[in-house]
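Have a look at the structure below before the remarks.
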Amino acid sequence: MAVHDHTRQHAGFRLLAWNKASAHRGGDATAVGTDSALVAKSLATVRIATGFVFLWAFLDKTFGWHYATGSGKGWIDGGSPTKGFLAGVSAGPLESFFHDIAGRGWTDWLFMLGLLGIGVALTSGIALRLTAAAGTALMAMMWAAEWPPAQHLSTGAPSMSSNPFVDYHLVYALAMILFAVAAAGTTWGLGRVWARIPLVARHRWLV
């Protein structure tokens, strides 16, 4: 998303070519514009909802709100947000690696900062390109930890995997990439304001 005179070319999810084609065919340009706005708002809605998924995970693991994380077992109470999950990995070629890093201080910090950063970026609509890269990396690691392709765990028990390839980690990663490509932060977000910051303007990968 550019910042100079041609910034408007990237304002949200637009269908300029479609608009022109419809006009030549005698189509209703107003209706097309309405459809484009609806798409932009739909993307923004999914973007915010996805961001809340990450934010909630961060908050619950930090304060132990007795959902996925029990009361008194939050990060601020001395609990580890990664130990239980990574120590329980029982499938895939990286099983021993995840066991080795489970519960380490740097592992907890990287994981929690990732959840917080992705959650804030998605809900606010800023730094979506960087978020897409970081979020895809995080989802890839979590996918590898669960290893959906496995039919059986290392213990021999059934893995109960519902799909060997496409699971929610992949869907989240694809969604974050879509948000970045479609400049979804410019609708119901701070994408335009963020793009005007001089540092961001000089380094487009921060957009």
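Brief remarks follow.
- Annotation: peptides 37-44, 149-156, 181-188, ranked by per-residue average of other Cβ atoms within 10 Å with the highest first, follow the order 181-188, 37-44, 149-156.
- Alpha-carbon Debye profile of region 90-207, log10 I(q)/I(0) at 0.17, 0.22 Å⁻¹: -0.88, -1.16
- Between Val120 and Leu38, the contour length at 0.36 nm per residue exceeds the alpha carbon distance by 27.2 nm.
- Thr34 exposes around 80 Å² of accessible area when a 1.4 Å probe is run over every protein chain in place.
The values are calculated or read from the model by the stated rules, or taken from the named source; none is laboratory data. These figures come from a predicted structure and were not determined experimentally. In this analysis, Cβ positions are derived from the backbone assuming ideal geometry, glycine residues included, and neighbour counts consider all displayed protein chains. For the accessible areas, the whole protein counts, side chains as well, though only heavy atoms, and no ligand, DNA or RNA atoms are used. Shrake-Rupley method; radii C 1.70, N 1.55, O 1.52, S 1.80 Å.
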